[in-house]
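The values are calculated or read from the model by the stated rules, or taken from the named source; none is laboratory data. No experiment lies behind these values; they were computed from the predicted model shown. Cβ coordinates were reconstructed from backbone atoms using ideal geometry, including for glycine residues, and neighbour counts include every protein chain displayed. When the accessible area is computed, the model is the full protein with side chains, heavy atoms only, and any ligands, DNA or RNA have been set aside. Shrake-Rupley method; radii C 1.70, N 1.55, O 1.52, S 1.80 Å.
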Amino acid sequence: MRMTPSEAKMREQLVTSGNSGREPDGTTGRPVGDGGGGSDPGSDGGGDGRTDPATDAFVTHRNLLFTVAYEMLGSAADAEDVLQETWLRWAGVDLGSVRDRRAYLVRITTRQALSRLRTLGRRKESYVGSWLPEPLLTTPDVAEDVELADSVSMAMMLVLETLTPTERAVFVLREVFGLGYDEIAEAVDKSPAAVRQTAHRARAHVAARRPRGAVSPTESRDALAAFQRAVETGDLQGLLDVLAPDVVLLGDGGGIKQAVLRPVTGAGKVARFMVGGMLRQAARLSLGPDQVNGYPALLVSLDGELDTVLALRFDDGLVTGLYAVRNPEKLSHMRRETTLSR
């Protein structure tokens with residue numbers, strides 16, 4: 001499929017455009033190719049505002065494909081790269097031979113994500129300190145879809161990290177996106193019987209590690225507000241009241257920003273660490289709540305600039321996990337909301 005320079009540039013924009021949402025200054029924008037219905041996704045280079053069927057299909061399912069790749073990789077930057085690779089392969093497909101364009105696109109994305117996931121595994125082996133998923137500032141509709149929010153929560157993303165690449169792909173495609181075993185088999189190059197066994201194994205693995213008790217959005221917001229008040233005021237007892245005895249704090253500075261290199265475990269140690277850190281730089285720090293990966297989280301700003309995303313895991317109303325992402329290379333998708341879909 002040969003494209004003119006203008007067509008190639010336009011289609012690259014369709015692939016790389018971020019999702020519509022809030023800009024840093026609070027305004028909203030709708031970039032080209034955000035998958036929203038009703039408007040032209042862009043020009044095909046002919047100046048008449050039309051796009052070809054391949055581009056239309058890709059734009060229609062872009063948010064879904066990004067979500068699949070992100071859930072498999074835990075990295076928005078790598079998910080965007082996978083979408084680029086998916087588009088390059090999709091652009092050369094004979095659409096007349098494709099029965100289900102959505103399934104075909106998901107299959108390409110899954111295969112590209114699996115390949116990149118194995119590369120990421122080697123990269124994580126030399127990572128400085130704890131590796132945490134790249135946080136996303138998510139749109140309100142993500143929180144409203146309980147299953148989707150649970151699947152992209154920082155807590156669940158860390159659980160998915162404990163699966164093998166194939167187990168992760170099978171679990172995501174089956175449990176989150178509801179694909180049939182035959183479809184998944186084609187995506188991961190396994191037999192349907194093997195996929196069933198892998199799905200059963202992955203489901204049991206995740207069930208043993210996922211949050212123990214469901215927490216409503218209201219309970220999450222209330223617990224977060226109590227946590228924020230205690231940290232900002234230095235109320236050690238108030239902090240202990242919302243932390244589970246076995247709470248764990250993980251920090252990700254990526255060797256660029258200072259962060260705890262090893263997990264901090266236990267309510268007492270975590271509370272003292274949080275309060276002490278806040279008091280040392282109280283004049284320069286500010287905390288604000290927002291929706292990160294479908295759940296309430298705290299954005300910590302230093303001298304007015306985003307410094308840390310602090311995501312929380314709740315079990316039975318108490319905070320059992322704190323995930324502090326400080327690596328600046330992982331904060332670029334916090335500039336605007338990301339639309340996820342399934």
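For L287 and E125, what is the calculated FRET efficiency with R₀ set at 41 Å and r taken between the beta-carbons, to the nearest 0.05? FRET efficiency, L287 to E125: 0.75.
Protection proxy ranking, highest mean first, for peptides 280-286, 188-194: 188-194, 280-286, where packing is the per-residue count of other beta-carbon atoms within 10 Å, averaged.
For region 194-342, with all protein chains in place and a probe radius of 1.4 Å, 52% of the accessible heavy-atom surface sits on carbon or sulfur. For region 37-186, the solvent-accessible area with a 1.4 angstrom probe is 39 square angstrom per residue. Note on R221 and I256: with the Förster distance fixed at 30 Å, the Cβ-Cβ geometry gives a FRET efficiency of about 0.45. For Y104, what is the net charge nearby, where nearby means another residue's Cβ is under 13 Å from its Cβ and Lys, Arg count +1, Asp, Glu -1? Once all neighbours under 13 Å are counted, the net charge is +2.
Only protein heavy atoms count here; on that basis, with a 1.4 Å probe, V146 has an accessible area of about 100 Å².
Restricting region 87-137 to chymotrypsin sites (Phe, Trp or Tyr not before Pro) that sit in a DSSP loop and have at most 14 other Cβ atoms within 10 Å of their own Cβ leaves Y127.
Taking all protein chains together, V128, V170 sort by accessible area into V128, V170, largest first [probe 1.4 Å].
Taking every alpha-carbon pair under 8 Å whose residues sit at least 6 apart, region 188-342 reaches a relative contact order of 25 percent.
Taken along its principal axes, the alpha carbon cloud of region 226-342 reaches lengths of 37, 36, 26 Å, longest axis first. Placing dummy labels 7 Å off each Cα toward the beta-carbon, the span from A193 to T233 is 6.4 nm.
Enclosing the Cα atoms of region 168-272 in their convex hull gives a volume equal to 157 cubic angstrom per residue. Largest accessible area first, the residues D81, D145, D182 order themselves as D182, D81, D145 under a 1.4 Å probe with ligands, DNA and RNA left out. Other residues lying with their Cβ under 12 Å from the Cβ of L285 contribute a combined charge of -2, Lys and Arg counting +1, Asp and Glu -1.
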